[in-house]
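Student: Quick one: the structure is below, and I'll ask about it shortly.
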Amino acid sequence: MTTKNDPNDNTRGISRRDFLTLAAATGLLAGCSPAQQPDATPVPATVEEPGSKAATVEPTIEATSEASTEPTVEAAAEPVAATGRSEIIKFHPDAPSKVVHTHHSGVWDGETLSPDAIRQMLDASITELTGLNDVTSAWAALFDPGERVAIKVNAFRNSLIWTHVPLVMAVTERLQEAGVPAEQIVIFDYYTSELETAGYPVNPDGPGVRCYGDDGNYTGGQEVAGRDIQLSDILLGCDALINIPVLKSHMIAGVSFAMKNHYGSFSNPASLHSNIGQKMAELNALPPIKERTRLIIGDMLSACINYRNSYPYWDSDWTGDSILMSFDPVAHDTVGLETLIQLKTGDGGNPTSITNMATPCIESGAEWGLGTNDPDNIDLVEVHLG
């Protein structure tokens, strides 16, 4: 068996050929109705071309020249009008749902993450996703200086794998460079104590980026499956939302990634555990979540392939080198699930139970108009740095 941390391990990435094959085999091809709707000089991104190992059957990238252009970081750009933003934030059915999968061979220095490498990954991802070559302009196209931006991370108390702090802090840096004041950025999850345990710099009201938990502060008025849902006051108080989950297997949902991450955005997650596929999708379709979500950044710098039946239920059992970035949570989670299936198989395990649990959740997301799970409508872009 290939060593998990071997840089030549094929489980680190997923080509479109493998993606299509796996999706067909696991039933994730659309059987649903169509969805609605400068601290470091960045290293030029190399995108897999026809004839490379991962693109020998079907090249997937149309914007190859843009992806291989070195992104630049400049001073804060002018705010982008909402009409201009709508031309950038597009996904199926208005356009193919782009998912940018960016790797960096030097992101880990032993057991420590390299902030410079993470910035390079974010820069390559945001320019490829938006189609704008200048990094600051790309962030400014998505977030205005006057907006309050909330960042939903995963710092769950029954886990020892959390959204990596250096990744989140790099996102806050780029937001500030685009003109968003630090005090208008808040990192949040369920409890402040969880964030502190996960290594986040807790800051409820001081200068700088804010970081604190919901801590029982919720407001009702939303409904999922006939049940009143009280959403996070932090989420409700923001203008724009960035969802940064970490990839984990899950004993009920199969995979915990972008959509499942919002089980930390309301007061009683256990109340939506039965028939979780439909309820997870309905939760994510609530206007305060769907309409505020501006960007999804999937953390695959490590992952939990095998959940446990006792504490800690989740721990890092695989070290990765990549992040996902998309506007479409369903396409994002579809790619994440297929990656998890590859990891589980490469680890000598049987991914059937994960697939059986996760497939209804992802299909329901498509049915609720959150995005697409059809690989034919997903533009999966592989970017390699380092």
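Student: Quick check: from the Cα gyration tensor, does region 103-185 come out rounded (a/c under 1.5), prolate or oblate?
Tutor: oblate
Student: Under a point spin-label approximation (7 Å from Cα along Cα-to-Cβ), what is the residue 202-residue 290 distance to one decimal in nm?
Tutor: Output for this residue pair reads 3.6 nm.
Student: Starting at the first residue of region 225-234, write each ³J(HN,Hα) from the Karplus equation 6.51 cos²θ - 1.76 cosθ + 1.60 with θ = phi - 60°, in whole Hz, x for Gly and Pro.
Tutor: 6, x, 10, 5, 10, 9, 8, 3, 5, 5
Student: Grab the Cα-Cα distance for residue 233 and residue 160, subtract it from 0.36 nm times how many residues apart they are, and report the gain in nm with one decimal. Walk me through the numbers on the way to the answer.
Tutor: Values: separation 73, 0.36 × 73 = 26.28 nm, distance 2.60 nm.
Stretched out fully, the residue 233 to residue 160 stretch lengthens by 23.7 nm.
Student: Between residue 311 and residue 376, what length in nm is gained on full extension when 0.36 nm per residue of separation is reduced by their alpha carbon distance?
Tutor: So the chain would gain 19.4 nm between residue 311 and residue 376.
Student: Another question, if that's okay. How charged is the neighbourhood of residue 371? Take every other residue with its Cβ under 12 Å from the Cβ of residue 371, and add Lys/Arg as +1 and Asp/Glu as -1. It would help to have the intermediate numbers written out before the result.
Tutor: Numbers: positive: 90, 98, 290; negative: 94, 328, 333, 363, 367, 374.
Summing Lys and Arg as +1 and Asp and Glu as -1 gives -3.
Student: Provide the per-residue ³J(HN,Hα) series for region 288-304, in order, calculated from phi with Karplus coefficients 6.51, -1.76, 1.60 and θ = phi - 60°, each as a whole number of Hz, with x at glycine and proline positions.
Tutor: x, 8, 4, 7, 8, 5, 10, 7, 10, 10, x, 8, 10, 6, 7, 8, 10
Student: Mind checking which of 301, 330, 242 is farthest towards the positive end of region 220-341's charge dipole, using Cβ charges of +1 (Lys, Arg) and -1 (Asp, Glu) about the Cα centre?
Tutor: Projecting each Cα onto the dipole axis, the largest value belongs to 330.
Student: Counting other beta carbons within 10 Å of each Cβ, put 121, 280 in order, fewest first.
Tutor: If I rank by nearby Cβ atoms, fewest first, I get 280, 121.
Student: Here's a follow-up. Using 0.36 nm per residue of separation minus the Cα-Cα distance, give me the extension gain between residue 87 and residue 252 in nm, one decimal. Walk me through the numbers before you get to the answer.
Tutor: Details: separation 165, 0.36 × 165 = 59.40 nm, distance 3.68 nm.
Stretched fully, the residue 87-residue 252 segment lengthens by 55.7 nm.
Student: Going by amide H atoms built from the backbone, whose H comes under 5 Å of the H on residue 229, apart from near neighbours?
Tutor: When sequence neighbours closer than 5 places are left aside, the close amide H contacts are 221, 222, 223, 224.
Where a number appears in this text, it was derived from the coordinates with a stated rule and is not lab data. Note that this is a predicted model, so its numbers are computed, not measured. A quick note on method: Cβ atoms are made from the backbone with ideal geometry, for glycine too, and the neighbour counts reach across all protein chains shown.
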